[in-house]
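Below: the structure, in structure tokens.
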Amino acid sequence: MPGVREDTRHRILDSARRIVASKGYAAVGINEVLGDAKVPKGSFYHFFESKDAFGRAMLDDYFVEYLAEMDAFLAEPGLTTAQRLMNYWASWYDNQSFNDCQGKCLAVKLGAEVADLSEPMRLSLEAGTGEIINRLESAITAGVGDGSVTVVNDPRATAQMLYDMWMGASVMAKIRRDRVHFDTSLTATRQLLHIA
């Protein structure tokens, strides 16, 4: 019954994303995730060959959903590319709460934690964040083309700089428990893209 199997696997990954986003990867046990997903404890290895494979599947699943949401922002009809980009950053601002990101900030939460612990998870993070930067580069290039964005550096360097800045702001928001760095990042983003 492939449909039932896939549904169960999806429930496990959904539970994992929510719990790991709150507690971190190392602090979460497989039994906690399976209990939350209401899946029998002995069935984990029917779905994942190892904890690393599970972690990578969780991140891959996260990035598929994240990139689909990002694509929707960057293709919103009736807006300039600059408006689409700023709507994306406004969404980041709203979703990267320092109190509860509800599974929406796994790259921020796990980036430093798992990069040295799990090569498969590091590779998933590298691929996923690379795709985010690729989309930002494409949007910035389109914005330069339609005249709504102007950049001093090439679009790739600007995309990388913006993503790095927002990742750093997300970490600082968690440390300080305020949004000062997000406010600064919004202002700096407008300046880098020359958006009024």
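The values are calculated or read from the model by the stated rules, or taken from the named source; none is laboratory data. For clarity, every value in this text was computed on a predicted model and none was experimentally measured. Cβ sites come from the backbone with ideal geometry, for glycine too, and all protein chains shown count toward neighbours. The protein model used for the area step is the full one, side chains on, heavy atoms only, and it has no ligands, DNA or RNA in it. Shrake-Rupley method; radii C 1.70, N 1.55, O 1.52, S 1.80 Å.
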- line: accessible surface per residue for region 115-196, probe 1.4 Å, DNA/RNA/ligands not counted, whole Å² -> 51 Å²
task: Loop only per DSSP, at most 12 neighbouring Cβ atoms within 10 Å: give me the trypsin sites (Lys or Arg not before Pro) in region 1-92, ordered by residue number.
output: LYS38
message: To check my understanding: the extent here is largest minus smallest coordinate of the Cα atoms along each principal axis. What are those three numbers for region 37-94, in Å, largest first?
response: 51, 19, 18
field: Percent carbon-and-sulfur accessible area, the chain, ignoring ligands, DNA and RNA, probe 1.4 Å
entry: 55 percent
query: Over what distance in Å are the Cα centres of region 1-76 and region 109-136 separated?
result: 16 Å
query: If amide H atoms are built 1.01 Å from N in the plane of the peptide, which residues on other chains or at least 5 residues away come under 5 Å of the amide H of LEU79?
result: none
query: Over the Cα atoms of region 10-162, Rg to Rh with Kirkwood Rh, two decimal places?
result: 1.04
- prompt: trypsin sites (Lys or Arg not before Pro) within region 131-193: which are DSSP loop residues with at most 12 other Cβ atoms inside 10 Å?
  reply: ARG177
Count of Lys pairs (Cα-Cα under 20 Å; at least 8 positions apart or interchain) in the chain: 10
message: On a 1.4 Å probe surface of the protein chains, which of THR158, THR184 comes out largest in accessible area, and what is the full order?
response: THR184, THR158
message: In Å², and per residue, what accessible area does region 46-90 have when probed at 1.4 Å with the other protein chains present?
response: 46 Å²
field: Theoretical ellipticity at 222 nm over the chain - DSSP helices of four or more residues, -39500 (n - 2.57) apiece, nearest 500
entry: -25000 deg cm²/dmol
- request: Could you state the accessible area per residue of region 1-42 in Å², with a 1.4 Å probe and every protein chain left in place?
  value: 57 Å²
